[in-house]
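Have a look at the structure below, then the notes.
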Amino acid sequence: MHGFKTIMGKEFTRVFKDKKLIFSMFILPLIIIVGIFLLMFALISNLSEDIENHVSTVYIQNAPDGFSELLKEAEDIDVEYLEDDSQIEQIKAQIKSGDVDLLVEFPEGFAEDIQNYESAGIPQVKTYYNPSEDYSSEARSRFVGTYLEGYRQILVTDRFGSADSVVIFTVDSDNDASEIMDEDMAMGKMLGMIVPYFITMLIFAGAMSLGVDSIAGEKERGTLASLLLTPVKRVEIVMGKLVSLGVLSVMSALVYLVGMLIALPLGMKQLGGENMLEGLSVSFTAVQIVQFVVLIIGVVLMYVAIIGIVSVMAKNIKEAQTYITPVYMIIIVAGIITMYASDTSSMGSYLIPLFNSSAAFKGIFTREITTMQFIATSAVTYGFAAILIVLTAKAFKSEKIMFNA
């Protein structure tokens, strides 16, 4: 036990006495995550503002007189009227290339069909736009929702005296109690979409660089060979390094989490949605908290065990990083799958290492995980971690592996 404490103290000292490591682990990630989020929100805000302020180029064929009058005061569109269809194909080509935003075709005799609605068919107004172009999509949405709908309301009012005359029934027009939900569960579902992904990714990312340097780096520098010659038991060396690595990786992940908590309200403010987060709250039961703590400890042990066995088998830092990158990609993919998976209720989802922890975190937040699913996830996670730790300890006893013989 004394050797275990000594190794842990050595690892903590190595990190906290190195100003570069402190900066790279606890300061730089905070700067990076806040900077990335603020830049992302700023770009989204600028894009939305640019689309909103864009004056759309719209061509209209066979526009009725009343509709032309309606558009005279429109400031967000630049309208060109077509008298025939000689330019239609050219305009469609320009829409495809992004030079024109929208083409609107009224059928010939539109006004007459409206007047003779009892004998004439229902006229159809056709629109042509490019959904791959933001300007074009916004132009179509704005034109249909604002101008065509406004014109329709005018025509209905002219015909019946009031637009309300043609309303047969409404749906939830004054039903404030329409939404029936558990607010904590609703918030849990939202958190369950993103938090498991960030938890698993950030913990592994925090442990990856430290773990590779702590074992493969010391092998490469020769300091690990000197440590192995001391009276400290090799299993204590393994456990000391892995436990300290787990603690440091959680600390590093917390730095990223703090960064996101700082950046999210600031980013929402940039987007003009600072009120969106008001009133949002979530509470966790004692069972959820216990499940979360038990599982997070297991995940940390599993991740540091994976990094430990890879680092032990590698001859140097470069080789360890090469081996560990595919594992990191698998963890990211597992997080993404659970983020978008609509159903993870199958017991098989909780028996697959790496994937099961993300699925279980999501189930804890949404309160949908069963006792058996939680037990299965914990057993697999801790069992997998234990196997890797045992293999790492055995590798430490191999002179061929440890001295790159």
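The values are calculated or read from the model by the stated rules, or taken from the named source; none is laboratory data. Since the model is a prediction, treat every value here as computed from it, not as a measurement. Neighbour counts are summed over all protein chains in view; Cβ atoms, including those assigned to glycine, are modelled from backbone coordinates with ideal geometry.
Can you tell me which residue among 286, 305 is farther than 28 Å from residue 208 by Cα, modelled with pLDDT of 75 or more and small (Gly, Ala, Ser)?
286
Okay, residues lined up against (1) loosely packed, with under 15 Cβ neighbours inside 10 Å; (2) assigned by TED's automatic domain parsing to the domain that holds residue 104; (3) within 22 Å of residue 207 (Cα to Cα); (4) at pLDDT below 85:
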site	(1), (2), (3), (4)
7	no, no, yes, yes
11	no, no, yes, yes
17	yes, no, yes, yes
22	yes, no, yes, yes
39	yes, no, no, yes
70	no, yes, no, yes
For region 75-120, what are the residues that are over 23 Å from residue 146 (Cα atoms) and in contact with a helix residue (DSSP H, G or I) (Cβ under 7 Å, 6 or more places away or on another chain)? 120
How about region 342-402: which helices (runs of 4 or more DSSP H) wholly inside it have at least 1 residues that are at pLDDT 80 or above and over 26 Å from residue 284 (Cα atoms)? 371-396
Quick one: how many residues across region 17-41 are more than 24 Å from residue 261 (Cβ to Cβ) and part of a helix (DSSP H, G or I)? 2
Failed condition for residue 329, given (1) in a helix (DSSP H, G or I); (2) modelled with pLDDT of 80 or more; (3) in contact with a helix residue (DSSP H, G or I) (Cβ under 9 Å, 6 or more places away or on another chain); (4) of a type outside the set (Val, Ile, Thr): (3)
With the requirement that a residue be under 30 Å from residue 231 (Cα atoms) and within 19 Å of the chain's Cα centre (by Cα), what does region 1-40 give you? none
Selection from region 313-326 of residues that are part of a loop (DSSP other than H, G, I, E, B) and not basic (Lys, Arg): 314, 316
By residue number, the members of region 78-92 that are over 9 Å from residue 62 (Cα atoms) and either part of a loop (DSSP other than H, G, I, E, B) or of a type in the set (Phe, Trp, Tyr) (or both) are 85, 86, 87
Give the number of residues within region 217-229 that are touching a residue at least 24 places away in the same chain (Cβ under 8 Å) and β-branched (Val, Ile, Thr). 0
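Working only within region 129-159, note down all residues that are outside any helix (DSSP H, G or I) and under 10 Å from residue 101 (Cβ atoms).
Within region 129-159, 129, 130, 133 qualify.
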